Amino acid sequence: MTRLSIRNLTVKINGKQVIRNVSLEFKSPSLFFILGQNGSGKSTLLRAIANLIPFEGEILIDGKDVREFRRKELARVVGYVWQNPLYGFFEETVEREIKFILRNLNLPEENFSEIIDFFEISHLLNRSPFTLSGGEAKRVSISSVIVADQPIILLDEPESEMDLHGLSKIIEYLKKNASKKLIIVATHNPLIAYKLRNTVKAIYFLKDGQIIQEINPLRLEDEDFLISVGLIPINWWFK
């Protein structure tokens, strides 16, 4: 079992507090959602967990501060998928992009075929990742991280750019791995959280850099509540 502990986390960017005194506990295997409006600090929270930005407070993985990990050591434990997949691309082909983390961490390539088959991207392997459509790029971006089979996976807006087929693969992956890993999904869209209401362990709402409450997944059916926290109600789409 992997434990992720966040204690009194504060993040300042250009002098502005983006995350303010957040404390949370996550245990694996479980699926968690962080919901919030654009600009609420969701991405910043995930980047802090991955030790990609400076922060105050503590972020502990099984009692060890993430700042004490060597970069490659942390990359074996935490997989972070960017909201914008282009931020993480730098190789010439999709195949090299997905295999990069395996080469960099000296990991076997046994997961490579399974991942590309699951996300159905084998036909893209010889393409440049910079020539892909939004949905294709997202699937490649996710594959290029989770191929390392980390025990902690952080997904920032994984549903963005996805069509029905791509989103179905994301849902399938989350359902399949929620019993094996600690997965944290940050999104402004309550629809994906509601779709996974029977799988998710807990949903936290982030507003102005603070966790305002934890809710039961069925609370996502409450239109007035979602409006009160600045999110689009599920029923709004059908009016």
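Each value in this text was obtained by applying a stated rule to the coordinates, not by laboratory testing. Note that the structure is predicted; figures quoted are calculated from it, not measured. Here the Cβ positions follow ideal geometry from the backbone for every residue, glycine too, while neighbour counts run over all protein chains shown.
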Checklist entry - What is the chain's relative contact order, in percent, from Cα pairs under 8 angstrom and six or more apart in sequence? => result 27
Next on the checklist: Taking the Cα centroid of the range 1-45 and of the range 103-182, what is the distance between the two, rounded to the nearest whole Å?
Outcome noted: 23
Item to check | Residue among Glu110, Glu161, Glu56 with the largest mean-square fluctuation in a Gaussian network model of the chain, springs linking Cα atoms under 10 Å | outcome: Glu110
Next on the checklist: I'd like to compare 207-216, 193-202, 67-76, 147-156: which one has the highest average count of other Cβ atoms within 10 Å, and what's the full order after that?
Outcome noted: 147-156, 193-202, 207-216, 67-76
Item to check | Segments 166-172, 35-41 sorted - mean Cβ within 10 Å per residue, highest first | outcome: 35-41, 166-172
Checklist entry - What are the residues whose amide H is under 5 Å from the amide H of Ile153, where those residues sit 5 or more places off or on another chain and H is modelled from the backbone? => result Gly79, Leu182, Ile183, Ile184
Checklist entry - Pick from Val18, Val185, Val140: which is most flexible by mean-square fluctuation in a GNM of the chain where alpha carbon atoms under 10 Å apart are linked? => result Val18
Checklist entry - GNM, the chain, Cα, under 10 Å: largest mean-square fluctuation among Thr131, Thr93, Thr44? => result Thr131
Item to check | Contact order normalised by residue count of the range 110-172, Cα under 8 Å, 6+ apart, percent | outcome: 39
